[in-house]
1. So which pairs qualify, if the first residue must be in the range 7-18 and modelled with pLDDT under 80, the second must be open to solvent by 60 Å² or more (accessible area, probe 1.4 Å) and in a loop (DSSP other than H, G, I, E, B), the Cβ gap must be under 6 Å, and the two must be at least 6 apart or on different chains?
2. Which of the residues spanning the range 1-40 are of a type outside the set (A, V, I, L, M, F, W, C) and within 18 Å of the chain's Cα centre (by Cα)?
3. Here's a check for you: in the range 109-139, which residue that is under 15 Å from the mean Cα position of the chain (by Cα) and among the polar types (S, T, N, Q) is surrounded by the most Cβ atoms within 10 Å (Cβ to Cβ)?
4. Go through the range 147-169 and count every residue that is outside any helix (DSSP H, G or I), under 15 Å from V61 (Cβ atoms) and touching a residue at least 60 places away in the same chain (Cβ under 8 Å).
5. Return yes when L175 is in a helix (DSSP H, G or I) and closer than 21 Å to S40 by Cβ and no when it is not.
6. Being touching a residue at least 40 places away in the same chain (Cβ under 8 Å), open to solvent by less than 20 Å² (accessible area, probe 1.4 Å), not charged (D, E, K, R) and not in a helix (DSSP H, G or I): is that true of L58 here?
7. Do we find a residue being part of a strand (DSSP E or B) and more than 16 Å from the chain's Cα centre (by Cα) anywhere in the range 41-50?
8. Here's a check for you: in the range 142-201, which residue that is surrounded by fewer than 18 Cβ atoms within 10 Å (Cβ to Cβ) and among the aromatic types (F, W, Y) is nearest to I33 (Cα to Cα)?
Amino acid sequence: YLNTKGEYIPENENTFSPACCNRIDRNTSGIIIVAKNYSSLKAINQMQKNNKIVKKYLALVVGKLVGENELKGFLIKDNSTNKVEVFPQAKKDSKFIHTMYTLIKTNGDYSLLDINLITGRSHQIRAHLASEGNPIIGDFKYGNKKINNLFLNKYELKSQFLHGYFIRFDKCPPLLKYLEGKSIKADLPNNLLEILKSLGL
């Protein structure tokens, strides 16, 4: 697309290629941000580091939750297994994590959450909720295998029920002032909507 528009010509570039600025876990749906040039990539990365981009997710989790909650903890990643562990207190090489959520609706067995990601660590939402005893449906790495198999067999759900549905840009640097206050939304995929309807959520 950029090549066709003449905004990116690979043979003229020595170091930069268009790249994703925000990572999203495999099998997680939703919005990603892609930088078209090196200056924008640096600016977006700095905004993310300073929590100037609001990111919200929808997640279906195991259990009956109520109201709002704020989760804080410390995360350590094992690169050999590509898995993280959450601890209540700081440990050597751990990173602080901060996740907030609001209950949208529950049917007693499962709860649909609106999640505000404050820090953006690897597998943060998935591991943080699992550590609280409320793993995300369809998450075979951190979730409940029996329940995940139930959803796989009944709804053919082959991914975790986690969707990055909202991004807003706050306090942009001069280069990105045209994004100031702008928000982007992405609807839930149809297969996830059908699951919610079936569960009365």
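The values are calculated or read from the model by the stated rules, or taken from the named source; none is laboratory data. These numbers come from a predicted model, not from an experiment. Ideal geometry is used to build each Cβ from the backbone, glycine not excepted, and the neighbour counts take in all protein chains shown. For the accessible areas, the whole protein counts, side chains as well, though only heavy atoms, and no ligand, DNA or RNA atoms are used. Shrake-Rupley method; radii C 1.70, N 1.55, O 1.52, S 1.80 Å.
1. Listed by first residue and then by second, the contacts come to nothing, as the list is empty.
2. Those that are of a type outside the set (A, V, I, L, M, F, W, C) and within 18 Å of the chain's Cα centre (by Cα): N22, R23, D25, R26, N27, T28, S29, G30.
3. That would be Q124.
4. Selection size over the range 147-169: 5.
5. So L175 fits the description; yes.
6. Working: touching a residue at least 40 places away in the same chain (Cβ under 8 Å): yes; open to solvent by less than 20 Å² (accessible area, probe 1.4 Å): no; not charged (D, E, K, R): yes; not in a helix (DSSP H, G or I): yes.
When the stated conditions are applied, L58 does not pass them.
7. no
8. Y178
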